1. Which ones in region B:316-329 are aliphatic (A, V, I, L, M) and either modelled with pLDDT under 95 or over 8 Å from B:ALA252 (Cα atoms) (or both)?
2. Check off (1) facing another protein chain (nearest Cβ under 9 Å); (2) open to solvent by 10 Å² or more (accessible area, probe 1.4 Å); (3) assigned to a helix (DSSP H, G or I) for B:TRP117 and give me the number that stays unchecked.
3. Here is a check on your reading of the model: is A:PHE292 in contact with a helix residue (DSSP H, G or I) (Cβ under 9 Å, 6 or more places away or on another chain), of a type outside the set (A, V, I, L, M) and at pLDDT 95 or above?
4. Taking B:MET78 and the conditions (1) closer than 20 Å to B:GLY148 by Cα; (2) buried (at least 24 other Cβ atoms within 10 Å of the Cβ), which numbered condition does it fall short on, given that it satisfies the others?
5. Helices (runs of 4 or more DSSP H) wholly in region A:36-98 with at least 3 residues that are surrounded by fewer than 24 Cβ atoms within 10 Å (Cβ to Cβ) - which ones?
6. Looking at the structure I just gave you, is B:GLY387 surrounded by 15 or more Cβ atoms within 10 Å (Cβ to Cβ), more than 12 Å from every other protein chain (Cβ to nearest Cβ) and at positive phi?
7. Please enumerate the residues belonging to region B:390-431 that are open to solvent by 30 Å² or more (accessible area, probe 1.4 Å), in contact with a Phe, Trp or Tyr (Cβ under 6 Å, 6 or more places away or on another chain) and of a type in the set (Val, Ile, Thr).
Amino acid sequence: MEFQILWFILWGVLWAVYFMLDGFDFGISILQPFIAKNDAERRLILNSIGPVWDGNEVWLITAGGATFAAFPTTYAVMFSSLYTPLLLILFALIIRGVSIEFRSKGDSPAWKSAWDKAFVIGSFLPALLFGVAFGNIFKGLPFDADGYHGTLFSLLNPYGLLTGVLFVMLFAVHGALWLTVRTKGDLAERAAGTAKKLWPVLAVIAVAFLVFTAFATKLYDNYLSYPFLAPIPVLAVASLLAAGYFVFTGKTLRAFVASCLTILMVTFTGVAGLYPNLLPSSIDPKFSYTIFNSSSSPYTLTIMTVVALVFVPIVILYQAWSYKVFSDQISTDDIAKDEDAY
Amino acid sequence: MDVLALSRLQFAVTAMFHFIFVPLTLGLSWLVAFMEWRYVRTGDVQYLRMTKFWGKLFLINFALGVVTGIAMEFQFGMNWAEYSRYVGDIFGAPLAIEATLAFFLESTFIGVWIFGWNRISKRLHAVSITIVAFATNLSALWILFANGWQQHPVGYVLKNGRAEMVDFMALLTNPNGISKFLHTTVSGYVIAAFFVMGISAWHILKKSELPVFKKSFRYAAVFGLAATLAVALTGDMEGVNVSKTQPAKLAAMEAHWETQKSAPITLFAVPDPDNERNLVEFVKLPYLLSLMGYHDPNAEVKGLKAFPREDRPPVTPVFASFRLMVGLGSLFILIAAIAVFLSWKERIESSPLFLKLMVLMIPLPYIAAWLGWMVAEIGRQPWIVYGLLRTSEGVSKNVDLAQVIGSLAGFTVLYGALAAVDIYLIVKFAKKGPDANTDSIVKMTRA
């Protein structure tokens with residue numbers, strides 16, 4: 001297999017795993033104002049991701065780094081063209097990160113409520129904007145020989161916004177299910193109820209997205225040209241339905257696993273549909289940045305392949321171990337007793 | 001100011017802000033790991049309280065280091081797209097490897113360490129912070145390989161309209177990368193040592209928790225003395241590499257205009273770049289510049305005039321920063337030596353003046369590290385990759401002035417606020433001292 005294709009797959013995997021992991025961090029935060037009733041529950045929400053959120057975020061840094069190393073031209077064009085939305089994502093992620101660490105370091109209600117707001121905004125904004133950014137990439141961006149001709153507002157088109165809403169809803173359901181898996185008590189029960197309320201909304205938005213995608217993008221062309229890719233969108237739909245089934249039958253762990261699969265498969269559906277593009281031009285395909293015209297040299301890709309194939313499995317092993325260490329269901333009482341808790 | 005100037009200013013602001021937190025992490029992680037291993041070995045609760053006290057300060061600092069790091073990775077693409085496109089084939093690799101090898105380790109095990117007190121064995125818990133220390137230093141290695149390549153590009157060919165990597169080993173054995181890594185990490189250890197000594201000194205002055213803070217002070221003093229000496233040694237390596245590979249930077253560091261053999265060092269001068277001379281010069285030390293650059297008193301040192309004007313870095317800031325950095329570095333060796341001596345002779349409690357001085361010293365190693373980066377990066381100008389690509393050629397073409405003004409304003413406001421909160425929290429928890437109630441901690445670490 002050509003290295004470019006291998007790195008395209010890896011690129012997709014890095015983003016998909018990032019969305020699957022940081023997705024529930026974002027989700028619980030987006031839900032926090034709606035389902036936490038008091039300070040103890042807000043702390044429980046924060047502590048449910050306390051040990052793992054930082055490791056989750058590194059998948060984004062690695063996805064960015066991999067774009068740089070494997071497809072430098074795409075990295076350059078993507079990051080400079082999407083300057084303002086990326087800046088907003090960056091500011092939001094900075095605020096989110098410090099809010100998790102700093103909230104517990106002060107005692108006054110004003111201090112806590114300020115960091116709570118930072119936590120919620122710092123999670124909602126990236127969830128929405130990553131969706132908007134990927135929606136616009138699926139659709140194609142206005143590139144020609146002179147460069148990029150869009151603005152922040154041209155990104156806020158109906159398809160981009162719909163993808164943004166899809167991401168927010170996917171993560172919200174995912175977050176609710178995470179809380180049912182990682183916490184116990186009133187909050188976990190309420191989260192299960194929230195998942196029941198949100199899943200139908202997510203399903204409607206997902207259907208709208210799938211239909212709109214046929215008109216706004218060329219993603220489906222690949223599935224017609226390469227039928228062996230068809231299982232990806234089929235699995236996306238099937239896992240979303242499975243998540244719904246398990247939500248309503250009360251099998252929350254299975255629902256969470258199905259939700260993980262949904263996010264992976266939705267991301268893969270988009271990425272596989274892009275092939276061979278990384279950044280399609282909406283003006284003319286000849287201006288598109290593809291994995292072939294924007295990649296690093298075979299030498300660099302060989303080095304990076306060796307690094308990735310050796311170390312990514314190791315990363316997965318120790319991250320999985322850390323999830324196992326923190327796999328028990330925690331309650332507000334546990335948090336109250338634990339002086340290291342956030 | 002144009003997009004180029006503002007993008008440079010933004011990179012400087014965000015990098016220097018990031019570099020408040022990173023160097024403390026590099027050194028304090030080892031110290032906290034050492035304290036925790038003492039606890040594991042001896043079972044003495046005092047060490048556990050030390051670990052938790054310094055660990056809390058470590059975590060407040062660590063959080064800001066992590067989040068401000070993402071801004072650095074994003075900015076290469078956002079503001080320096082032409083640079084990223086031109087050198088990404090070789091410059092992107094160490095960044096991606098840094099994330100894969102170091103950031104995952106660091107971020108996963110810091111979570112295990114914070115929340116794992118009563119979930120994993122004592123030994124595994126101490127292993128976790130040791131892994132964090134190792135991983136943060138490993139991340140410094142990879143990012144400084146990347147920076148070393150900007151200082152002295154190696155292992156590439158110009159092909160397909162860009163620099164392409166042809167020799168990965170050349171990147172890993174680049175002397176500029178290796179000396180940058182060593183000099184930067186040990187300067188981080190100095191920052192950590194003076195941080196711990198300064199806060200300990202404050203508590204010793206207040207006679208609070210004397211056993212904990214006298215011990216902390218002693219560890220930091222020994223660590224600090226070793227680190228300050230290592231800074232001098234690695235600084236010498238840097239000097240030799242700079243003279244070999246960046247002669248214009250060396251000349252700017254010394255405001256050295258005329259090419260000459262047996263070149264002296266001028267301790268004080270007021271450079272006058274317009275007229276290619278120094279207005280005032282005091283105290284010339286003969287042979288020293290030749291000795292510093294080439295380890296040979298008779299070696300020829302190129303003067304700034306040997307380079308076309310457009311290839312010279314700004315002289316005054318590089319010259320002044322270098323002098324201040326070396327002056328501070330020498331002061332740190334002296335102070336650390338006194339600290340070790342007083343600590344060893346058990347006279348630290350009875351030296352209140354010295355303790356007060358140690359509290360005031362806390363910011364100085366940070367300033368020295370900043371000055372070092374100013375020498376390295378202003379001295380690299382006008383190149384973004386030395387001799388290969390000019391900084392002006394690296395900036396993004398499709399970013400407009402309003403966007404960069406907006407982002408720079410945003411960073412300034414956000415980082416200003418975060419700096420205020422961080423200092424407030426560090427001071428608050430530093431003053432508070434270790435938790436009084438040891439029973440609850442011991443119970444928690446029953447495993």
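1. Just the residues of region B:316-329 that are aliphatic (A, V, I, L, M), to begin with: B:318, B:320, B:324-326, B:328.
Result: B:ALA320, B:LEU324, B:MET325, B:VAL326, B:LEU328.
2. Of (1) facing another protein chain (nearest Cβ under 9 Å); (2) open to solvent by 10 Å² or more (accessible area, probe 1.4 Å); (3) assigned to a helix (DSSP H, G or I), only one is false for B:TRP117: (3).
3. No, not satisfied.
4. (1)
5. Passing ranges, in order: A:39-49, A:53-70.
6. Against the criterion (surrounded by 15 or more Cβ atoms within 10 Å (Cβ to Cβ), more than 12 Å from every other protein chain (Cβ to nearest Cβ) and at positive phi), B:GLY387 does not qualify.
7. Within region B:390-431, no residue meets the criteria.
Residue-by-condition table, conditions (1) touching a His at 6+ places or on another chain (Cβ under 8 Å); (2) among the β-branched types (Val, Ile, Thr); (3) over 30 Å from A:PHE326 (Cβ atoms):
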position: B:LEU105; (1), (2), (3): no, no, no
position: B:ILE120; (1), (2), (3): no, yes, no
position: B:TRP149; (1), (2), (3): no, no, yes
position: B:ARG162; (1), (2), (3): no, no, yes
position: B:PHE168; (1), (2), (3): no, no, yes
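The values are calculated or read from the model by the stated rules, or taken from the named source; none is laboratory data. Every value quoted in this text rests on a predicted model; they were computed, and no experiment measured them. Positions of Cβ are backbone-derived with ideal geometry, glycine not excepted, and every protein chain shown enters the neighbour counts. When the accessible area is computed, the model is the full protein with side chains, heavy atoms only, and any ligands, DNA or RNA have been set aside. Shrake-Rupley method; radii C 1.70, N 1.55, O 1.52, S 1.80 Å.
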